[in-house]
1. Does segment 37-180 come out rounded, prolate or oblate, given a ≥ b ≥ c as the square roots of the eigenvalues of its C-alpha gyration tensor, rounded meaning a/c under 1.5 and, failing that, prolate meaning a/b above b/c?
2. What ranking of Ser190, Ser435, Ser467 comes out by heavy-atom accessible area, probe 1.4 Å, highest first?
3. Based on DSSP, what percent of beta bridges with both residues in segment 173-279 are antiparallel, to the nearest 5?
4. So which aspartates and glutamates pass the test for Lys360, namely a Cα distance under 15 Å, with those fewer than 8 places away in the same chain ruled out?
5. Would you grab the residues whose amide H sits under 5 Å from the one on Glu184? Only those 5+ places off in sequence or on another chain, please, with H modelled 1.01 Å from N.
6. Taking chymotrypsin sites (Phe, Trp or Tyr not before Pro) as exposed when DSSP calls them loop (any state but H, G, I, E, B) and at most 10 other Cβ atoms lie within 10 Å, what is the longest stretch of the chain free of them, the sites themselves excluded?
7. Using a probe radius of 1.4 Å on heavy atoms only, what accessible surface per residue do you get for the chain? Whole Å² is fine.
8. Once the dipole of segment 300-444 is set up with Lys and Arg at +1 and Asp and Glu at -1 on Cβ about the Cα centre, which of Ser433, Met394, Ile324 lies farthest towards its positive end?
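The values are calculated or read from the model by the stated rules, or taken from the named source; none is laboratory data. A quick note: this is a predicted structure, and the numbers were derived from the prediction, not measured. Cβ: placed from backbone, ideal geometry, glycine included. Neighbour counts: every protein chain shown. In case anyone asks, the SASA skips ligands and DNA or RNA and just uses the protein heavy atoms, side chains included. Shrake-Rupley method; radii C 1.70, N 1.55, O 1.52, S 1.80 Å.
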Amino acid sequence: ALNNLGNILLSLRRHEEGLEAFQKAIKIKPEYHEAFANMGNLQREAKFPDLAAASMLEAIRLKPDFAAAHSNLGNAYFDQCKVDLAVASYRKGIELGQDDRDFVPNYLFALNYSPASSDAEIAREHRRLCREKFDHLRDHSPVANTRDPDRKIRLGYVSPDFWMHPVARFMLPILEHHDRGRFEVFAYSSRYLKDGFTEECARRVDRWREAHHLDDKALASLIRDDGIDILVDLTMHSRDCRPGLFARKPAPIQVSYLAYVGTTGLEAMDYRVTDIYLDPPGAGELPFHEKPLRLSRSWWTFQPPLRATISDVVTPTCMKNGFITFGSLNNFVMVNVQVRDLWARLVAGIPNARLMIHMKESRARQGLLDFLAERGLPPGRVPLVGYQDGPSYMATYGKMDIALDPSPFAGGTTTFDALWMGVPVVSQAGERSSSRGGLGILATLGRRDWVASRPEEYIAIARRLASDPGELAGIRKDLRDEIRASPLMDNKGFTRELEGHFQTIWRDRCRG
């Protein structure tokens with residue numbers, strides 16, 4: 001009863017009371033492995049991922065084959081940005097039979113953040129697990145779609161992120177500029193909570209479908225009834241994904257795009273949208289299951305956030321305080337140990353320079369500060385930024401002089417936002433497709449000189465920019481106009497190129 005009470009209190013976010021309930025249960029029954037695991041879930045929810053990991057490890061000590069505890073231990077490690085430990089824990093949970101819809105995608109998603117994994121290894125593991133867990137769901141009954149290459153194409157987008165989320169931000173200009181003479185656009189929204197951004201998305205499509213109450217089988221049936229010709233997965237294996245939907249193949253052509261650079265691994269997924277920077281033509285055969293649809297420009301098209309007050313571009317902060325501030329507002333899970341070490345070498349080597357990093361408020365912050373201090377960067381030179389609303393987040397770019405892009409999982413939204421606020425971004429393009437997102441953005445902007453191919457070159461570019469505050473002031477003044485004039489904000493042209501790919505694959509389908 002105490003254990004169940006703790007779970008109810010966790011659902012109500014009454015963390016202190018819930019913790020007390022779990023502790024009472026454990027005091028009565030010290031070997032109660034489920035109570036330890038549930039207490040770990042509460043500690044993670046309350047932003048104590050280190051305590052959550054300790055509770056999960058105790059649950060595993062009491063019951064070594066406790067599959068859910070291994071998987072939830074992976075969540076606790078992931079929150080601490082211990083990606084390789086998270087990957088190992090997720091894998092162990094799956095091996096022990098944890099087939100919950102979240103845990104297989106959690107593992108596949110985390111693999112993308114592991115600097116130890118190559119594209120080939122990531123693709124191989126995605127394909128293996130999708131073959132085991134999802135491919136059998138495929139519905140092989142014929143679809144009724146008429147194979148007419150000249151008719152209007154029914155295009156469907158599936159996502160839980162039609163709200164103030166990066167996916168919706170990048171989709172809005174595409175939805176706005178779709179050619180309604182050639183496409184009928186459907187959106188299937190898997191999120192029950194709505195905001196103003198949801199309204200903006202709904203206004204820009206022909207048919208809006210609420211799908212959060214439908215399971216994968218029911219949604220697949222709805223998509224078939226709608227006669228969708230091309231179905232686009234905007235989630236892949238990220239939060240609230242639906243691999244069980246796409247595995248059923250409810251549309252004759254299925255495409256992945258925009259969730260993140262990578263693969264779904266699903267046999268039923270036909271194509272993935274990419275670009276000539278992420279996956280250069282002629283660089284060899286790609287390891288991903290899906291066929292590439294390469295754009296001739298950056299994978300993203302940009303417009304400033306709607307319904308958010310965006311501060312004006314301000315003078316570089318170094319001109320006011322006399323020292324350079326480097327910064328990263330990326331999701332901290334991208335900032336792996338190698339990246340932290342690289343940034344510490346860069347910033348510690350410049351007198352009085354600061355390193356501003358976005359990291360959730362949790363006890364894990366102390367581990368980062370200790371790591372950087374050991375490398376010559378004391379806490380006083382490492383301002384940390386927690387959760388911020390949209391206007392505050394955009395204004396924070398005014399407090400940094402140079403933005404640093406992580407690798408091998410490069411930023412997207414944060415890179416665009418930094419550039420929009422006049423902040424130059426230093427990026428490093430590597431072997432992984434996901435490491436070349438910054439290259440695509442900066443090359444499309446005409447700033448390829450901010451892209452390195454190796455760590456020492458990355459440091460050299462950043463130091464050169466830091467050495468000339470006058471140049472930083474000039475960049476700050478002109479960068480927004482450069483973006484406006486570049487293909488990065490040619491939303492209509494981007495959409496036409498994307499539509500061209502969709503028309504080509506539809507014609508291929510019609511030819512059989």
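1. prolate
2. Result of the area sort, largest leading: Ser467, Ser190, Ser435.
3. Here the antiparallel bridges make up roughly 0 percent for segment 173-279.
4. Answer for Lys360, where 15 Å is the Cα cut-off: Glu45, Asp50, Asp79, Asp389, listed by chain and number.
5. Distant-sequence amide H within range of Glu184: Ile153, Arg154, Leu155.
6. 193-386
7. 41
8. Ile324
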